[in-house]
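Data first, discussion second: the structure below is written as structure tokens.
What follows is calculated from the coordinates using simple rules that are stated; it is not laboratory data. Note that the structure is a prediction, hence the values are computed from the model and not measured. Neighbour counts are summed over all protein chains in view; Cβ atoms, including those assigned to glycine, are modelled from backbone coordinates with ideal geometry.
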Amino acid sequence: MRAIMVMFDSLNRHMLPNYGCDWTHAPNFKRLEEKTVVFDQCYAGSLPCMPARRELHTGRYNFLHRSWGPIEPFDNSMPEMLKQNGVYTHLVTDHQHYWEDGGATYHPRYSSFEMVRGQEGDPWKGHVKDPETPETETPEPFVSSNMFKQDIVNRAYFESEENHPQAVTFSLGMDFIQKNKDEDNWFLQLETFDPHEPFFAYQHYKDLYPHEYNGNHFDWPPYYFVQESEEVVEHGKYEYAALLSMCDNYLGKVLDMMDEYDMWKDTMLIVNTDHGYLLGEHGWWSKSVMPVYDEIAHTPLFVWDPREGKKGERRQSIVQTVDLAPTLLEFFCISLPEDMDGKPLRQVIHSDQPVRETALFGYHGGHVNITDGNYVYMRGPVSPENKPLFEYTLMPTHMRQPFAPRELQNIEIHEPFPFTKGCQLMKIGAGSGFVNAFQYGSKLYNLAVDPEQKEEIEDLEIELKFIQKIAEQMRKNDAPKEQFIRLGIPENGIMTIEELKKQIEAIREAEKISILAEHRWDRAAQNQMRAILNITSENGRQKLLNGFKEFVLSYKYTEVNTDVVEKFIDVFLPNDEKAKAQYFIGLAGRTS
């Protein structure tokens, strides 16, 4: 038996013809649907990139204990378990996060691996002089970042499509298939970074989407809310679509090989992604800095299992990224570790028999989200500080650098969790994640009548049911006790309506800023002031509050809104601090 996983990054379910999109050009995804089982209720678990890949290896949620980080010494790694049980495992990828500090322990788990350089500002080719950057709609400070400049450098090295990282990745993956098509017991993970931003594609893919556009260069949306014109937003969608069509082209080459060598008889095929991406929906670009809307969490998944022979069929059972590791282990007849929470998908493929009632998902320090396929509930922190919150790790690295010495000066040693094989861990105070979810509050949506999540609903009884389900899943996954405290959820999940009402009132009181109590504050302005305080040193916070109070009184404002906060930042902060502050108060001004 053999298995191939074709993994894309940021592959949008809602942009694929398999899930109802009628304007993108993706004939090979249509062809894939005819040869596989299509999952309609697949969800991400831990977000974003490397947390999702830790789940892919371990079959466990990552986000309750840890943010972005490597495979831990105590983790069960699916490709390593395959390797240890006589299955040859090979990774070929252009996903540059594998060779950064925060991902450097994943690829050695495979029997062999090949790395393809050049994606998304990968520090690849060395140019001392800054490149000439095109006039772009990408806003400051993003366009001035080292990543943006490095990406301009890298692009010069793949002017020809055959040299593009995605093309090289698929070529190497197909080389592996060609060399080993007559061998048994192997697993290939063919993983491209595309269609993740920046949306760099070649002209013949762009020609599939003719449209009038008179703006500047724009194929790299910011992690920010939409400020661009409708014309720019539409152009950004077409740029994504062009890259999606490029992905479709290379997917087709893998399908061609499986046809040519009759591999369908004994080779499992999984086509998946880590998460989706916002292209202007809900007024947002990208991911990470907003609530985890359906466009991000609800993912495409296609599986061919030669033992079942099911193809051209759809499944409605809820499944998640954590189910892929046990699916592959079961396919190769390897016993699952007791602490692997995911479930093999064979019974879902066979007869749509469910393996779970709900899907839990989120970012470390963000909302803990849960869905049963009909509703989604986003549970936010109950305190403005988003505390208590800790990282549990033996590998203290962030995305591109180790933890700073200041982060490691007050660590505690924590007793083992049931899944850490007797290992104690560092318990390290954590930041609030990519953004403090407190500003958005808890949210409840009825997906059955409002699949685009345009209108929040208020139903305390439904909310209480989901609080109980969240607590159940958190207990099952050995969540740290402080996560229950941060979310204001009892460990047994039992709350009354009266208790929930009192909690909601307490949250409203906690939103208030400690100064200018006689003034009317709008919620967005309160969020902005908290954001500025969060990026201000402890010694400087009182000075900032005093300065803001004096500013408001001197200008005789009777109401504190976002305009007042933004004017204060402009006059109070030094020039070298303004860009950072404006970025964060811009984010904080959004409450949805």
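Over the range 520-588, what is the relative contact order in whole percent, taking alpha-carbon pairs under 8 Å and six or more residues apart?
Working: 46 pairs, mean separation 36.8, N = 69.
Result for the range 520-588 is 53 percent.
Apply 1/(1 + (r/R0)^6) to the Cβ-Cβ distance of residue 582 and residue 216, taking R0 = 25 Å, and write down the FRET efficiency to the nearest 0.05. It would help to have the intermediate numbers written out before the result.
Details: r = 21 Å, r/R0 = 0.84.
Efficiency computed from Cβ-Cβ geometry: 0.75.
With everything on Cα atoms, drop me the angle between helix 146-155 and the longest principal axis of the chain, reported from 0 to 90° to the nearest 10.
For 146-155 against the chain, the angle is about 30 degrees.
Can you figure out the FRET efficiency of residue 35 with residue 458, using R₀ = 45 Å and their beta-carbon distance, to the nearest 0.05?
Values: r = 44 Å, r/R0 = 0.99.
Efficiency computed from Cβ-Cβ geometry: 0.50.
Enter the per residue convex hull volume of the range 88-220, computed from alpha-carbon coordinates, in Å³ rounded to the nearest integer. Walk me through the numbers before you get to the answer.
Numbers: hull volume 17.0 nm³, N = 133.
Dividing the Cα hull volume of the range 88-220 by its residue count gives 128 Å³.
Over 17 Å, how big is the tail of the calculated P(r) for the range 129-180, in percent of all Cα pairs? Don't skip to the answer; put the middle values down first.
Values: 691 of 1326 pairs.
Considering the range 129-180, 52 percent of its Cα-Cα pairs are separated by more than 17 Å.
Report, by chain and number, residues whose modeled amide H sits under 5 Å from the one on residue 89, excluding near sequence neighbours (fewer than 5 apart, same chain).
111, 112, 187
Which of 299, 136 comes first, and how do the rest follow, when ranked by fewest Cβ neighbours within 10 Å? Please report the intermediate quantities before stating the final value.
On the way: 299 26, 136 15.
Going from sparsest to densest Cβ surroundings: 136, 299.
Over the Cα atoms of the range 519-592, Rg to Rh with Kirkwood Rh, two decimal places? Walk me through the numbers on the way to the answer.
Details: Rg = 11.4 Å, Rh = 12.3 Å.
Reported Rg/Rh (Cα atoms, Kirkwood Rh): 0.93.
What is the gain in length, in nm to one decimal, between residue 571 and residue 146 on full extension, counting 0.36 nm per residue of separation less the C-alpha to C-alpha distance? List each step's numbers first, then the result.
Values: separation 425, 0.36 × 425 = 153.00 nm, distance 2.82 nm.
Once the chain is fully extended between residue 571 and residue 146, it gains 150.2 nm.
Once the Cα atoms of helix 497-510 and of the chain are each reduced to a long axis, what angle between those two axes, in degrees from 0 to 90 to the nearest 10, is obtained?
60 degrees
Residues with beta-carbon under 12 Å from that of residue 383, excluding residue 383: net charge, scoring Lys, Arg +1 and Asp, Glu -1?
Details: positive: 387, 486, 530; negative: 385, 482, 509, 511.
Its environment carries a net charge of -1.
List 364, 282, 90, 211 from most exposed to least, where exposure is judged by having the fewest other Cβ atoms within 10 Å.
Values: 364 24, 282 18, 90 21, 211 10.
Result, fewest neighbours first: 211, 282, 90, 364.
Given the options 297, 471, 246, identify the residue whose Cα lies farthest towards the positive end of the charge dipole of the chain (+1 on Cβ of Lys, Arg; -1 on Cβ of Asp, Glu).
Among 297, 471, 246, the one farthest towards the positive end of the dipole of the chain is 471.
Report the full-extension gain for the segment residue 407 to residue 181: residue separation times 0.36 nm, less the Cα-Cα distance, to one decimal in nm. Don't skip to the end; give the middle numbers.
Details: separation 226, 0.36 × 226 = 81.36 nm, distance 4.91 nm.
My answer for the length gained is 76.5 nm.
Between the range 258-276 and the range 164-193, what is the separation of their alpha carbon centroids in Å?
Cα centroid of the range 258-276 versus Cα centroid of the range 164-193: 11 Å apart.
How large is log10 I(q)/I(0) at q = 0.13, 0.15, 0.17, 0.23 Å⁻¹ when the Debye formula is applied to the Cα atoms of the range 16-128, each weighted equally and without solvent?
-0.70, -0.88, -1.03, -1.19
Of the peptides 464-472, 149-157, how do they stack up when ordered by the mean number of other Cβ atoms within 10 Å, highest first?
Numbers: 464-472: 19.1, 149-157: 17.4.
The peptides rank, most packed first, as 464-472, 149-157.
Sort 533, 82 by Cβ crowding within 10 Å, fewest neighbours at the top.
Details: 533 19, 82 25.
Final ranking by Cβ density, sparse to dense: 533, 82.
For the chain, what is the relative contact order in percent, using Cα pairs closer than 8 Å and at least 6 residues apart in sequence? Numbers along the way, then the final one.
Numbers: 1127 pairs, mean separation 111.4, N = 592.
About 19 percent, as a whole number.
Roughly how many whole Å is it from the C-alpha centroid of the range 450-510 to that of the range 522-587?
Each part's Cα centre sits 31 Å from the other's.
Give, in nm to one decimal, the length gained when the segment between residue 333 and residue 133 is fully stretched (0.36 nm per residue of separation minus the Cα-Cα distance).
Working: separation 200, 0.36 × 200 = 72.00 nm, distance 5.26 nm.
The span from residue 333 to residue 133 would gain 66.7 nm if fully extended.
Run lengths n ≥ 4 of DSSP H only: what is the helix-derived mean residue ellipticity at 222 nm for the chain, with -39500 (n - 2.57) per run over all residues, to the nearest 500?
On the way: 17 runs with 197 residues, N = 592.
Theoretical 222 nm ellipticity from helices: -10000 deg cm²/dmol.
Percent of Cα-Cα pairs per 10 Å bin, from 0 to the last occupied bin, for the chain, please list those.
3, 16, 27, 27, 18, 6, 2, 0, 0
Just how large is the dipole of the chain about the Cα centre, in debye to the nearest 20, putting +1 at every Lys and Arg Cβ and -1 at every Asp and Glu Cβ?
On the way: 60 positive and 92 negative charges, 312 e Å.
It comes to approximately 1500 debye.
Whole Å is fine, so just give me how far the alpha carbon centre of the range 92-134 lies from that of the range 200-242.
Cα centres, the range 92-134 to the range 200-242: 25 Å.
In degrees, nearest 10, range 0 to 90: what is the angle between the Cα axis of helix 49-58 and the longest Cα principal axis of the chain?
50 degrees
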